[in-house]
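Right, one structure below, let's go through it.
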Amino acid sequence: MKDKRMSAAEAARFVQDGSHLGVGAGMAMNPMPVVREIIRRGVRGLTLTPVLTGGYVADLLIGAGCVETVQFPQIVMDEFGLAPNFRRKAERGDLRLRETI
């Protein structure tokens, strides 16, 4: 059977400019090495759909300028409050927002 494991850099190559990316919620269980590689590569124009709530990962991708559109019910940092990059860019009108319920 072929080994299907890959490095974070290999996995991040699947995310191209303009991709629609789903990410996990909250502060736990997120593929941080892949997210850091997406940011390092300078991917732009992403549509981001966080599962349930966007958290740390969503805020990092937004703050790094990778995200153009966010489809979300809420973006928070759990017990740490509002996600600062999301709030700043949403208030300035730098993100297209598609709120879901």
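The values are calculated or read from the model by the stated rules, or taken from the named source; none is laboratory data. Quick caveat: nothing in here was measured; it's all calculated off a predicted structure. Cβ coordinates were reconstructed from backbone atoms using ideal geometry, including for glycine residues, and neighbour counts include every protein chain displayed.
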Considering only the stretch 60-82, state which residues are more than 23 Å from ARG41 (Cβ to Cβ) and either touching a residue at least 40 places away in the same chain (Cβ under 8 Å) or not charged (D, E, K, R) (or both).
PHE72, PRO73, GLN74, VAL76, MET77, ASP78, PHE80, GLY81, LEU82
Pull up the stretch 83-101, narrow it to residues that are in a helix (DSSP H, G or I) and not basic (Lys, Arg), then point me to the one that is farthest from VAL43 (Cα to Cα).
GLU91
The residue that is farthest from PRO50 (Cα to Cα), considering only those in the stretch 83-93 that are surrounded by 13 or more Cβ atoms within 10 Å (Cβ to Cβ) and without any contact (Cβ under 8 Å) to a residue 24 or more places away in the chain, is ARG88
Counted residues in the stretch 43-82 being crowded, with 18+ Cβ neighbours inside 10 Å and assigned to a helix (DSSP H, G or I) come to 7
For a quick check of your reading of the model, give me the residue pairs whose first member lies in the stretch 38-59 and is at pLDDT below 85, whose second is aromatic (Phe, Trp, Tyr) and in a strand (DSSP E or B), with beta-carbon atoms closer than 6 Å and at least 6 apart or on different chains.
PRO50/PHE72; GLY54/PHE72
Scan the stretch 20-32 and tell me whether some residue there is modelled with pLDDT of 90 or more, of a type outside the set (A, V, I, L, M, F, W, C) and part of a helix (DSSP H, G or I).
no
